[in-house]
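Have a look at the structure below, then the notes.
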There are 2 protein chains.
Amino acid sequence: MDGGSSGGGITRRQLLRMIGMTAGSAVMYQAMTSLGLAAESGYSGPPKVGKAPPGASVLILGAGIAGMVAAMELRDAGYKVQILEFNDRPGGRNWSIRGGDRYTELGGETQVCEFDEGHYINPGPWRLPYHHHGILHYCKRLGVTLENFVQVNYNAYLHGQNAFDGKPQRHRPIQADYHGHVAELLAKAAQGGGLDQLVSEQDKQILLASLQWWGALDQDYRYTGNHGSSDRRGFNKDPGGGLGAAPEISQPMKLDDLLRSGLWSNLPIGALYDMQTTLMQPVGGMGRIGEAFGRELGSLIRYQCKVTRIEQNDAGVTAHFSDLANGGAEHSASADWCVCTIPLSILGQIPMNVGAPMQAAIRALPYASSVKLGLQFKRRFWEEDDHIYGGITFTDLPITTIGYPSHGYHSEKGVLLGGYLWGTEAMRFTSMTPAQRIQEGLKQGAKIHPQYLDEFENGVAMAWHRSPFTLGCFGQWTDALREEHYDNLCAFDGRIVLAGEHASYIPAWQEGAVTSAMNAIERLHQRATAQGGAA
Amino acid sequence: MDGGSSGGGITRRQLLRMIGMTAGSAVMYQAMTSLGLAAESGYSGPPKVGKAPPGASVLILGAGIAGMVAAMELRDAGYKVQILEFNDRPGGRNWSIRGGDRYTELGGETQVCEFDEGHYINPGPWRLPYHHHGILHYCKRLGVTLENFVQVNYNAYLHGQNAFDGKPQRHRPIQADYHGHVAELLAKAAQGGGLDQLVSEQDKQILLASLQWWGALDQDYRYTGNHGSSDRRGFNKDPGGGLGAAPEISQPMKLDDLLRSGLWSNLPIGALYDMQTTLMQPVGGMGRIGEAFGRELGSLIRYQCKVTRIEQNDAGVTAHFSDLANGGAEHSASADWCVCTIPLSILGQIPMNVGAPMQAAIRALPYASSVKLGLQFKRRFWEEDDHIYGGITFTDLPITTIGYPSHGYHSEKGVLLGGYLWGTEAMRFTSMTPAQRIQEGLKQGAKIHPQYLDEFENGVAMAWHRSPFTLGCFGQWTDALREEHYDNLCAFDGRIVLAGEHASYIPAWQEGAVTSAMNAIERLHQRATAQGGAA
């Protein structure tokens, strides 16, 4: 979205400034896209790992999704497998915080979640796109029950502080009127002969017919207030039953009001590959996946092990670690091979004898900052008062996002994703105490839902840059960084291979972790088979 | 969509013929819209019925949604209430057919459903729009648990027999390329000065920026194959993890191929007010609503009563009925007032002493024909092979629709909505035996899912014109019919008032039944209070 004149007297950058911060979330998504975040799966079936060489062993560092996929597949192939995990739970960033859970961030602030039974917030990933075949495969294999996740909700709000006097608009009329005005303008251009060099007469006639239906234009190809347009944007009075129940049509907003609001910038989000329907979530929280892996792997995972040094030689790999459950006692674990899934933000601080290319790659990748707020309310006012069932409200306030639960409709209480912050605003929130983050999130959210202040009960605030096990949210690749470092990061260095979302073209998504683990262990198996496994 | 020249040398009708039958489902939806089907709720809170006059009684005919709403609210207000119902179950068209259920249609064909435990088909309504506040209110009140219903699935198919050699296309590239080409054409028109009379220079610049983001145009406002467009339409090779995992971009289809396919006609369906997210369904089938009402009302409902005559006088209303459970023994039931929810297709055959205006209205309304097929398959090949989780495939084959279950993802078996037929094709299917309907549905569906033939297990076929309790699917209003008859249909005639989807501006939808019942009983209460209740 940066740079370049757009042909008129005004640069794209000025334009974006003109339309204000309202484009915030869309620009964020577009930025994510350029960074390769809004991405997809190269999964093509379970990993092709044959039978392990006799006695071959693999040490896996990290019991997140990547480490546990690697462990399960290698175990099944006959490898002797052990995982060392820093946390006292499996999953890593695959995680749901529920009532009673305790979390201490760097700096020492401890939060104890007070959510009622059955409620949760996913501080990490919260969506499963239909094309993330790898993670969906493991959900199926592990019996993790899935339900639908609502991304686009036509009745959720689009909010800009300078748009429509700061009054939140429903997604519905913004989309209907954008489509309608675009269709009318293009129909006029076509009828005026402006497209004659571009489309044949026959195609023009089909185009006009398509625009009329797609944009809800009237018989003269105008976008006006009538039953057809109201049936997209909503009625002034909805139809009902019995006497006096005829609907009253609504009038579209003016094109210039719509354009200058900038709220159109939110419309394409649900059409991005990763945000398209069908999206899913595990019943009970995203953490159900990590928990299921953890149960499956059982004692193969050793928890509360803080890796302090990783050494390899021709014979194998040894990881030294502190046993945090036992006063930090020093231990070590060895194997023929090592799949290391420790986030690079942490791994860069751990001595490891790998070559310069991998070392440079580890140190090069910055980690994105992100903050998520989970807010429990006494009643589901968004359903009762606003008729919003699931989906997302987008705002240009720093909180960017209000996510409504896609489940438990009509139940008594509810937990909202009260904010999903990125970049500098995330860093600003990170510098606050958890209580301050929640207060600030409530203050901002109340501009959209005034019910916030009366109905709030309790909350948790996850600032990923203060996370002791990741020091950030995910690896923030750029094209230049990828060009220079990506293959060096992923290539085997001796007996060590890295895996995780950071070692994929699908950063930030669990599918990146799955596919990178699969790719890593396929290469590991090739090497082990070629070289013989046991040291 | 009928009539009128579109400005070129070709009529709209010719155009539609040219693009073939591919527009079938969209045209159907548009026709539904013109008929007032794609409609909405005038609900504004529970009905305003105060305390009943002492001893006042109401006889309700029909235990569908309208009748049961009326009964519950009138009971709560203190009226003495009795419902006579033809079927041996509550709900009427609110109905889920499950394994073991038996259904005999007119003509004598009996189907016994062989679905496995946990599977169902909704032969009647299957979706609950977020703005149908009335029916949602009763779901909440009755504890009917809701889950999301997927309408638009970007990975489901759009299929035209003459489009792309009959090869089904995913929704994803059709939408992305339609948006992209529309955006590019409009950007070119804007840059060529073609919109200068329509938008200001400043608005034009914002419009261009919006089109670029909305349509995934490149920096020169062209819709080309690049990461941005692939991130809407899909990649040739999805990105993955580890080495060799970079994505491969895809190339958009040509504008004329897209236009002539007619598949664009399906794009607006999910933007219609009734099809917009969030859509919901009761867990376990739509019939859970009727069942919950039935439990709530208990012995107030007398089942298997076939009403044969309805008489009113100054003192009250009497319905004569055959007790089908006891050899058709003749009985009667009387009350001060009557709320009659019997479908007009049936009611027109029952003697009832109401005035000419209501009689004419009852006889005037035709009933739409519709056929729904429920097909159980051994495995969920649409998920396993096609990666389709919920949502709808649209085709111009007579079946029009393949609906995938929005629940039970990854479970072993599944039931598809294998066809949802309308109009003449529905009548053609109605004339077949149930077994023939299913065979024909399989034959057609196999053109989209070849797995049909190997995986099919059993099915049920509901032809609404052979339904003994409705003789059709729903009341098919036109503007002219409404003008002449609607108010006469809804107005009280003496002590009788009609209610049901046919007495609403939301025909075919449960919300029409709810709002019409509410409106009817509010008027009944006014009359009862004014006149005194007991006869």
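At-a-glance table
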quantity: Share of pairwise Cα separations in the protein assembly as shown, more than 44 Å, in percent; calculated: 39
quantity: For region A:312-423, convex hull of alpha carbons as volume per residue, Å³; calculated: 191
quantity: Under 20 Å from B:K204, Cα to Cα: aspartates and glutamates that are on another chain or at least 8 residues apart; calculated: A:D2, A:D177, A:E184, A:D256, A:D257, B:E184, B:D196, B:D218, B:D220
quantity: Ranking of A:C490, B:C340, A:C113 by count of other Cβ atoms within 10 Å, fewest first; calculated: A:C113, A:C490, B:C340
quantity: Residue exposure sequence - A:V81, B:V199, B:V339 - by fewest surrounding Cβ within 10 Å; calculated: B:V199, A:V81, B:V339
quantity: Chain A - Rg (one decimal) and Dmax (whole number), Cα, Å; calculated: 26.0, 87
quantity: Cβ-vector label at 7 Å, A:D218, separations to other copies in nm; calculated: 4.1
quantity: Neighbourhood charge, 12 Å Cβ-Cβ cut-off, centred on A:G124 and excluding it, Lys, Arg +1 and Asp, Glu -1; calculated: +2
quantity: Across the identical copies, how the B:G50 labels are spaced - nm, sorted shortest first, 7 Å along Cα→Cβ; calculated: 8.7
quantity: Within the protein assembly as shown, helix-based [θ] at 222 nm, where runs of 4 or more DSSP H residues each add -39,500 (n - 2.57), nearest 500; calculated: -9000 deg cm²/dmol
quantity: Rounded to 10°, Cα long-axis angle of helix B:510-531 versus longest principal axis of chain B; calculated: 30
quantity: Sequence-separation-based contact order of region B:171-261, relative, with Cα cut under 8 Å and 6+ spacing, percent; calculated: 32
quantity: Distance from region A:216-246 to region B:38-98 (C-alpha centre basis), Å; calculated: 29
quantity: Rounded to 10°, Cα long-axis angle of helix B:287-297 versus longest principal axis of chain B; calculated: 20
quantity: Values of log10 I(q)/I(0), in the order q = 0.13, 0.18, 0.24 Å⁻¹, for region A:391-491 under a Debye, Cα-only, solvent-free model; calculated: -0.59, -0.92, -1.32
quantity: Sequence ranges B:221-232, B:162-173, ranked by mean other-Cβ count within 10 angstrom, highest first; calculated: B:221-232, B:162-173
quantity: Neighbourhood net charge (14 Å Cβ-Cβ; Lys/Arg +1, Asp/Glu -1) for B:E201; calculated: -1
quantity: Greater than 19 Å apart at Cα, pairs in A:K48/B:K378; A:K447/B:K140; A:K140/B:K413; calculated: A:K48/B:K378; A:K447/B:K140
quantity: For chain B: relative contact order, % (alpha-carbon pairs under 8 angstrom, 6 or more apart); calculated: 23
quantity: For B:W477, net neighbour charge (Lys/Arg +1, Asp/Glu -1) across residues whose Cβ lies under 11 Å away; calculated: -3
quantity: Residues B:E117, A:E311, B:E184, B:E291, sorted so that the one with the fewest Cβ neighbours within 10 Å comes first; calculated: B:E117, A:E311, B:E291, B:E184
quantity: Rounded to 10°, Cα long-axis angle of helix B:201-214 versus longest principal axis of chain B; calculated: 80
quantity: Long-range amide H partners of B:S332 with built H, under 5 Å; calculated: B:F321
quantity: For region B:171-261, convex hull volume per residue from C-alpha positions, Å³; calculated: 102
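Every number in this text was worked out from the coordinates using simple rules, so none of it is lab data. Worth saying up front: this structure is predicted, and the values here are computed from it rather than measured. Neighbour counts run over all protein chains shown; Cβ positions are idealised from the backbone, glycine included.
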